[in-house]
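Single-structure report; data block below.
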Amino acid sequence: MVTLTGSSLTLEQMKDVLYRKQKVMASSESMEAVKKSREAVERIVSESKVVYGITTGFGKFSDVLIDKNHVQDLQLNLIRSHACGVGEPFPEIVSKAMVLLRANALLKGFSGVRPVVIEKLLELVNQDIIPVIPQQGSLGASGDLAPLSHLALVLIGEGEVFYKGKQMQAFDALKQVGILPLTLEAKEGLALINGTQAMTAMGVIGYLEAEQLAHESELIAAMTIEGLNGIIDAFAEEVHTARGYKQQTDTAARIRGYLSDSLLTTQQGELRVQDAYSLRCIPQVHGASWQALDYVKEKLEIEMNAATDNPLIFDNGEKVISGGNFHGQPIAFAMDFMKIAMAELANISERRIERLVNPQLNDLPAFLSPQPGLQSGAMIMQYAAAALVSENKTLAHPASVDSIPSSANQEDHVSMGTIASRHAYQIIQNARRVVAIELICAMQAVEIRGIEKMATITRFFYDKAREQVASIKQDRVFSKDIEKAAYWLKSIEFSPFIRNIRIEKGQF
């Protein structure tokens, strides 16, 4: 069971809930803070104070006062009118993350919702009732208004959900598990949609996949080094400590560890003096991507525990302040950074693929073909990788440098953070396919060199990967191999996988 406090949620706990199906609950201390915040909202309504979003309209309508007899209508109209998302829905795991993150943000006790609102959100998480939320339509400031409105619709029994493998009306799913729809009271509709949870949820899922892929790319790069009789000296510890970047040093150490007992690597001067940059500079390039990912992780874990709606309620209602915490600029920058970092991992992977298949760059059979000329082998796999990295270059253009005014220029600067997070996710999917192609080519190369000479860890990985993709003995439809390898790379848990290798081989 994961206990939410509004301030302590971690990425590891997100994995526990989203991937390992742990249940969630709210801490009693947090719920007490929520109750006090709610009491403040009820005083504001009863005293007819002028407070944005509680007794006024929204956005450009912030100067329009709303009679206290219409507060429920105000919140309902808000949710319905703002549910303008379009396009394909977010992946189910992203939408589930969105619900979890919204509940955690409300638990901070600055939003003025009733405890029952949070309880309903947690029921959705625990029952795996997942809102259908269109991906497009958020500007990433004023919060992720359109996506979160589709989430909020489910709480009032409207909209659609994914439940037990089916897409259905939210009301029907709620009825099946005995959850009664809510009638939203003052401030609650605004509190549900005024936040950055769409971009953050997409960012969390993207980061978790990116982190795993970055680890896998190093192990596959190590296999490529073996396939090309790469020079191990470039990974020597003193080279990397001389520069001083921890992530670079760590990457080099992992490569050394993977190849520690390989008979396929060489020393400088043995076959050649230096390798090409795509081999020699793996620690520098991959390490730089790790620097970016570390930055992304830090920002996500802050945002996962942030109060991002407006207005915020402090000092038991003595202060109700309209601010701009809903602005997604910090996450927009982080997502753009992640886009570039993952695009570059794919870029350098594609260059290693080229070195594996190009007969002018190695002494292997041309295109790793079993019969060069009669059979094309991996020739067009490199084309596919090149197309994917080129597509990534267009997706990597920073979304955060764009802005467009909205709400009659009241909201005149926006982050486009949700677009950045969506593009980051697309880049990660493309990058995984590129790395999958490198894996297929690297396996073929080490097979030609002699798998009995491989390092313990890379050989174990090779054996497991061969269960997914057979050796190239004859030209076939390689699209299926690429997709199967990519799916496998996505589905394994890397850290336990590596630990199991070492345990099995007696290294722990």
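The values are calculated or read from the model by the stated rules, or taken from the named source; none is laboratory data. Here the structure is a predicted model, which is why all the values come from computation and not from measurement. All Cβ positions, glycine included, derive from the backbone under ideal geometry; neighbour counts span all protein chains shown.
Before moving on, here are some points about what is shown:
- One residue from ILE419, ILE457, ILE404 being over 24 Å from GLY206 (Cα atoms) and within 27 Å of the chain's Cα centre (by Cα): ILE404
- Identity of the residue in the range 35-51, surrounded by 14 or more Cβ atoms within 10 Å (Cβ to Cβ) and touching a strand residue (DSSP E or B) at 6+ places or on another chain (Cβ under 8 Å), that ends up nearest to GLU303 (Cα to Cα): SER37
- Test: residue in the range 49-68 that is at positive phi and without any contact (Cβ under 8 Å) to a residue 40 or more places away in the chain: no
- Qualifying positions in the range 147-202 - part of a helix (DSSP H, G or I), of a type in the set (Gly, Ala, Ser), over 14 Å from LEU78 (Cα atoms) and touching a residue at least 60 places away in the same chain (Cβ under 8 Å): ALA198, ALA201
- For LYS453, the conditions (1) surrounded by fewer than 18 Cβ atoms within 10 Å (Cβ to Cβ); (2) within 30 Å of PRO330 (Cβ to Cβ) all hold with the exception of (2).
- Neighbours by Cβ (under 7 Å, 6+ apart or cross-chain): first from the range 243-257, among the basic types (Lys, Arg); second part of a helix (DSSP H, G or I): ARG254/GLU218; ARG256/PHE235
Each row is one residue, and each column tells you yes or no for (1) assigned by TED's automatic domain parsing to the domain that holds GLU452; (2) modelled with pLDDT of 95 or more; (3) surrounded by fewer than 19 Cβ atoms within 10 Å (Cβ to Cβ); (4) touching a Lys or Arg at 6+ places or on another chain (Cβ under 7 Å).
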{"residue": "ILE220", "(1), (2), (3), (4)": "yes, yes, no, no"}
{"residue": "GLU238", "(1), (2), (3), (4)": "yes, yes, yes, no"}
{"residue": "LEU264", "(1), (2), (3), (4)": "yes, yes, no, yes"}
{"residue": "HIS286", "(1), (2), (3), (4)": "yes, yes, no, no"}
{"residue": "ALA292", "(1), (2), (3), (4)": "yes, yes, no, no"}
{"residue": "ILE302", "(1), (2), (3), (4)": "yes, yes, yes, no"}
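- Candidate set from the range 67-105 (those that are among the basic types (Lys, Arg) and within 18 Å of the chain's Cα centre (by Cα)); member that is farthest from GLN426 (Cα to Cα): ARG102
- Set LEU153, LEU213: member being over 30 Å from ASP412 (Cα atoms), at pLDDT 95 or above, among the aliphatic types (A, V, I, L, M) and touching a helix residue (DSSP H, G or I) at 6+ places or on another chain (Cβ under 7 Å): LEU213
- The lone criterion from (1) in contact with a Lys or Arg (Cβ under 7 Å, 6 or more places away or on another chain); (2) within 30 Å of HIS82 (Cβ to Cβ) left unmet by LEU361 is number (2).
- Of the residues contained in the range 387-395, one or more are found to be surrounded by 20 or more Cβ atoms within 10 Å (Cβ to Cβ) and in contact with an Asp or Glu (Cβ under 6 Å, 6 or more places away or on another chain).
- Unmet requirement for ALA436, which otherwise passes all of (1) in contact (Cβ under 8 Å) with a residue 60 or more places away in the chain; (2) surrounded by 22 or more Cβ atoms within 10 Å (Cβ to Cβ): (1)
- Total residues in the range 121-163, condition buried (at least 21 other Cβ atoms within 10 Å of the Cβ), out of contact with any strand residue (DSSP E or B) (no Cβ under 8 Å at 6 or more places or on another chain) and not β-branched (Val, Ile, Thr): 10
- A single member of THR200, THR224 is of a type outside the set (A, V, I, L, M, F, W, C), under 30 Å from VAL116 (Cβ atoms) and at pLDDT 95 or above, and it is THR200.
- One residue alone among ILE482, ILE448, ILE503, ILE440 is assigned to a helix (DSSP H, G or I) and at pLDDT below 95, and that residue is ILE503.
- The set of residues in the range 3-34 being in contact with a helix residue (DSSP H, G or I) (Cβ under 6 Å, 6 or more places away or on another chain), surrounded by fewer than 21 Cβ atoms within 10 Å (Cβ to Cβ) and not hydrophobic (A, V, I, L, M, F, W, C) consists of THR5, GLN22, LYS23.
- Flag if GLU270 is touching a residue at least 12 places away in the same chain (Cβ under 8 Å), in contact with a strand residue (DSSP E or B) (Cβ under 9 Å, 6 or more places away or on another chain) and not assigned by TED's automatic domain parsing to the domain that holds LEU11: yes
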